[in-house]
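The values are calculated or read from the model by the stated rules, or taken from the named source; none is laboratory data. If you're wondering where the values come from, they're calculated on a predicted model, not measured in any experiment. Cβ placement follows ideal geometry from the backbone for every residue including glycine, while neighbour counts extend to all protein chains displayed.
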């Protein structure tokens, strides 16, 4: 008989693990806060700064390495002038933006005039409504 392997996580276990993870985070935060309040926080801060510097150095090295590899592999194949012609860079779309802004301003004026005329027409009674009011009276 084949053994059953449990691939799905039991909901009760998942909730318990989530709760334990929350408690762990809370405990770690409490310990760090306690260390800062008792004066040991400077050491922890310095430790974080050192770790941050290490990560930054590793990231810069990895980026430089990736850039070198990309130039080795694609350097001859890349034609940046072709990309510059295809992609709108710098102020290539500036004229279109100004054109659209002018169009939006014109539409805003039209909307404002339409709302003013609707307000005026709503305030003035029409001939039909005044005749109907006289007949009813």
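Matching residues to (1) modelled with pLDDT of 80 or more; (2) part of a helix (DSSP H, G or I):
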| position | (1), (2) |
| --- | --- |
| 18 | yes, yes |
| 76 | no, no |
| 84 | no, yes |
| 118 | no, yes |
| 130 | no, yes |
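Being surrounded by 11 or more Cβ atoms within 10 Å (Cβ to Cβ) and in contact with a helix residue (DSSP H, G or I) (Cβ under 7 Å, 6 or more places away or on another chain), is that true of even one residue in region 41-54? Scanning region 41-54, I find at least one residue that is surrounded by 11 or more Cβ atoms within 10 Å (Cβ to Cβ) and in contact with a helix residue (DSSP H, G or I) (Cβ under 7 Å, 6 or more places away or on another chain), so the answer is yes. Residues that are in a helix (DSSP H, G or I) and either at pLDDT 80 or above or at positive phi (or both) within region 37-56 comprise 47, 48, 49, 50, 51, 52, 53, 54, 55, 56, listed in sequence order.
Among the residues of region 90-108, is any loosely packed, with under 10 Cβ neighbours inside 10 Å and modelled with pLDDT under 70? Checked region 90-108: at least one residue is loosely packed, with under 10 Cβ neighbours inside 10 Å and modelled with pLDDT under 70.
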